[in-house]
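The values are calculated or read from the model by the stated rules, or taken from the named source; none is laboratory data. Everything quoted here is computed from the prediction, not taken from an experiment. All Cβ positions, glycine included, derive from the backbone under ideal geometry; neighbour counts span all protein chains shown. Side chains are part of the model used for accessible areas, which takes the heavy atoms of the whole protein and leaves out ligands, DNA and RNA. Shrake-Rupley method; radii C 1.70, N 1.55, O 1.52, S 1.80 Å.
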Amino acid sequence: MPGLVLFTLGAVAATVGKPAWLVWMVSISFGFIQAFTYAEIAGLFPHKSGGLSIHSAVAWIRYSKFIATLNVWCNWAAWSPVLAIGSGLAAGYSLSILFDANSLINTWQITLLDLSTIKAGLSLRINATFILGATFLLLVFAVQHGGILRSVSTTMVLGLVALIPLLLIGLVPFVTGDLASEHFFPLTPLAYDMDGNVIDGDWNLDGWKLMAGGLFVAAWSTYGFETALCYTREFKDPKADTFKAIVYSALLCMAVFTLVPIAFQSHLGLGELVVPAVIGDAGEVKSPAMYDGMLAANIYKGNGVASALASIVGGGAIIANIMVVMLIITLLLAIMTTMSGSARTLYQASVDGLLPKYLSVVNENGSPTRAMWTDLSYNLILLMMSDYVFVLAASNVAYIIYHFLVLNAGWIHRIDRPHWERPYKTPNILMGAGVLLGYLNLAIMGMGTEIWGEGTLRTGLFFSSLIVPLFIYRHYFEDKGVFPTQLLSDMQVQVNRPRYTKFFEHLPYVTIAVAILVVWYTDQL
């Protein structure tokens with residue numbers, strides 16, 4: 001999961017400007033606080049695979065079948081695109097070290113479908129990035145097909161190889177003392193003048209919206225270590241290993257998501273003007289100004305991040321190319337982790353009666369192969385998208401919804417299951433902080449999504465709602481309105497709850513109503 005810093009590092013830097021390093025520190029701190037609630041929830045269900053969305057769906061399902069299903073769907077809809085975006089970036093990194101940026105192999109493409117009605121310039125296309133990215137996806141699928149036990153050694157080797165460049169990149173500037181303060185201060189948001197040139201902004205509403213947009217997209221990467229809990233059922237000692245997995249992963253990610261963005265920003269700086277803006281006769285900006293540094297176009301898109309990071313270490317072209325190859329391995333590791341985790345989410349949701357039955361099948365190695373094929377097929381379509389940043393931002397709408405539901409599932413489980421054994425019980429103050437962060441995440445989403453393109457919030461909400469017809473088909477047509485026995489047991493529908501819970505039985509509905517209000521209000525700002 002530390003490799004996820006590569007996905008959004010460039011987009012946050014090129015959009016937020018000098019406060020970008022602060023965005024990462026704040027975001028990973030939020031994720032660390034939330035992790036304690038996650039650890040308690042996962043410990044309640046050591047027999048369940050699929051991660052937090054499955055565990056928290058059990059909390060919500062007593063109050064609303066649709067909210068419980070939305071919880072699972074939003075987790076998958078947010079994490080599955082890691083496969084497409086990661087393989088696309090890995091392909092872009094590979095092509096960048098093998099061919100010139102203007103060579104034919106990097107410029108040819110076949111446009112299949114114009115999607116400009118969703119976002120200007122968006123399309124489905126086939127090019128070299130798609131072909132190479134699809135190859136990476138199939139290789140990862142082949143490894144995952146053998147099950148967790150067979151792929152664990154491969155994952156461990158890749159993990160060590162992946163951490164080496166990230167730690168080197170993060171530590172080198174601190175060892176050498178090469179931290180240019182002018183690249184970090186003054187701590188003002190990015191802004192543009194009437195001619196499209198970069199200037200220091202103000203901490204007004206537009207400035208805070210920019211910060212919200214940065215925190216919104218960074219959360220897609222910084223909150224990702226919670227996927228460690230997808231494997232609860234497969235741990236040797238679920239009771240002890242669940243807490244270890246989430247907290248140790250959080251500590252590792254805190255180091256990487258703090259050091260790497262600081263090193264990246266210190267090395268590149270905000271950027272200098274390369275090509276001035278072209279202004280029309282009526283004063284309109286026909287072509288925006290072009291910059292180098294963090295504001296360069298290839299940094300925003302992500303395909304220039306690897307080369308920029310590699311140059312921090314120094315050592316010439318050979319060392320730089322070796323570093324880029326290691327960063328490609330880092331991306332492949334993120335893809336591998338996500339493919340196994342998101343497929344298990346689909347599988348367990350199907351076993352629990354929330355998604356179609358055909359996903360409830362594993363092979364002889366215990367891998368949920370039908371869920372993996374579904375993941376793969378979906379991501380081959382996403383891989384054809386021409387704008388990965390938009391795909392990431394739209395999918396992150398689902399991810400923020402998912403985290404809100406999980407963070408509130410913590411106190412719902414305590415109300416409905418006060419006597420269940422909890423291998424780890426988070427302090428009340430951290431549980432409360434998690435609930436507040438759930439609402440803060442929604443406010444950040446409402447304020448910050450449109451920074452990434454008009455219609456981002458609308459598109460994300462639309463894809464989040466696609467679960468409704470799928471659940472109706474499974475629950476009311478395949479299962480005739482009855483949940484599987486195991487889920488009914490977990491729900492404890494027939495068990496009398498403590499008397500005080502009658503006072504709280506409407507609180508989950510109030511929670512959802514307030515959440516909708518928060519998103520609506522902040523979106524209007």
*Place a +1 charge on the Cβ of each Lys and Arg in the chain and a -1 charge on the Cβ of each Asp and Glu, then give the dipole magnitude about the Cα centre in debye, rounded to the nearest 20.*
2060
*Tabulate in residue order the Karplus-calculated ³J(HN,Hα) for the stretch 97-110, using 6.51 cos²θ - 1.76 cosθ + 1.60 with θ = phi - 60°, rounded to whole Hz; enter x for Gly and Pro.*
8, 9, 9, 5, 4, 9, 5, 4, 5, 8, 10, 6, 6, 10
*Separation between the residue 176 and residue 194 pseudo-spin-labels, each 7 Å from Cα along Cα→Cβ, expressed in nm?*
4.3
*Give the residue from 235, 303, 91 lying farthest towards the positive end of the charge dipole for the chain; charges sit on Cβ (+1 for Lys and Arg, -1 for Asp and Glu) and the dipole is referred to the Cα centre.*
235
*Starting from the amide H of residue 385, placed 1.01 Å from N in the peptide plane, find each other amide H under 5 Å away whose residue is 5 or more places distant or on another chain.*
125
_Helix 388-416 vs. the chain, principal-axis angle (Cα, 0 to 90°, nearest 10)_ = 30
*Which is farthest toward the positive dipole end of the chain among 257, 6, 509, measuring Cα position about the Cα centre, with Cβ charges +1 (Lys, Arg) and -1 (Asp, Glu)?*
509
*From the square roots a ≥ b ≥ c of the eigenvalues of the alpha-carbon gyration tensor of the stretch 318-458, which class results: rounded (a/c under 1.5), prolate (a/b over b/c), or oblate?*
oblate
_Accessible area (Å², per residue) of the chain, counting only protein heavy atoms and a probe of 1.4 Å_ = 41
*For the chain, which span is the longest to avoid every loop-located (per DSSP) member of chymotrypsin sites (Phe, Trp or Tyr not before Pro) having at most 11 other Cβ atoms inside 10 Å?*
109-499
*asked:* Taking θ = phi - 60°, what integer Hz values does the Karplus form 6.51 cos²θ - 1.76 cosθ + 1.60 yield along the stretch 300-306, in sequence order, with x for Gly and Pro?
replied: 4, 5, x, 6, x, 5, 4
*Based on DSSP H runs of at least 4 residues, each adding -39500 (n - 2.57), what is the mean residue ellipticity at 222 nm of the chain after dividing by all its residues, to the nearest 500 deg cm²/dmol?*
-21500 deg cm²/dmol
*In the full protein assembly as shown, how much of residue 437 is accessible to a 1.4 Å probe, in Å² to the nearest 10?*
20
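Accessible area of the chain with a 1.4 Å probe: how many percent of it is carbon plus sulfur?
Here it works out to 67 percent.
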_Can you give me the distance in nm between label points at residue 319 and residue 364, each placed 7 Å from the Cα along the Cα-to-Cβ direction?_
4.9
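Roughly how many debye, to the nearest 20, is the charge dipole of the stretch 222-315 about its Cα centre, given +1 on each Lys and Arg Cβ, -1 on each Asp and Glu Cβ, and no other charges?
Result for the stretch 222-315 is approximately 380 debye, rounded to the nearest 20.
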*What FRET efficiency comes out for the pair residue 516/residue 244, r = Cβ-Cβ distance, R0 = 35 Å, nearest 0.05?*
0.45
*Please pull out the direction-averaged projected area of the stretch 200-311, using the convex hull of its alpha-carbon atoms, in nm² to one decimal place.*
10.6
*Descending Cα extents along the principal axes, the stretch 294-388, whole Å*: 54, 29, 18
*Determine ³J(HN,Hα), in whole Hz, for all residues of the stretch 433-441 in sequence, where each value follows from phi through the Karplus function 6.51 cos²θ - 1.76 cosθ + 1.60 and θ = phi - 60°; x replaces Gly and Pro.*
4, x, 5, 4, 5, x, 6, 5, 4
_Working only with C-alpha atoms, what are the Rg and Dmax values of the chain, expressed in angstrom?_
22.8, 75
*Taking the Cα centre of the stretch 64-206 as the origin and placing charges on Cβ (Lys, Arg +1; Asp, Glu -1), which of 105, 194, 77 is farthest toward the positive end of the dipole?*
77
*Could you work out how far apart the two model spin labels at residue 440 and residue 466 are, taking each label as a point 7 Å from the Cα in the direction of the beta carbon, and quote it in nm?*
3.2
_Sequence-distant residues sharing a close amide H with residue 192 (under 5 Å, placed H)_ = 199
*In the stretch 89-208, if every C-alpha pair distance is counted and binned at 10 Å from zero, what percent goes to each bin?*
9, 18, 23, 33, 15, 2
_In the stretch 418-472, the GluC sites (Glu not before Pro) that fall in loop regions by DSSP, at most 10 other Cβ within 10 Å_ = 421
*If r is the Cβ-Cβ distance from residue 66 to residue 25 and R0 is 45 Å, what FRET efficiency results, to the nearest 0.05?*
0.80
*For residue 361, enumerate residues with amide H under 5 Å from its amide H, sequence gap 5+ or separate chain, H modeled in the peptide plane.*
370, 371
*asked:* Using protein chains only and a probe of 1.4 angstrom, how many square angstrom of residue 239 are accessible, to the nearest 10?
replied: 100
*Any idea what the relative contact order of the chain is, in percent, if you count C-alpha pairs under 8 Å spaced at least 6 apart?*
30
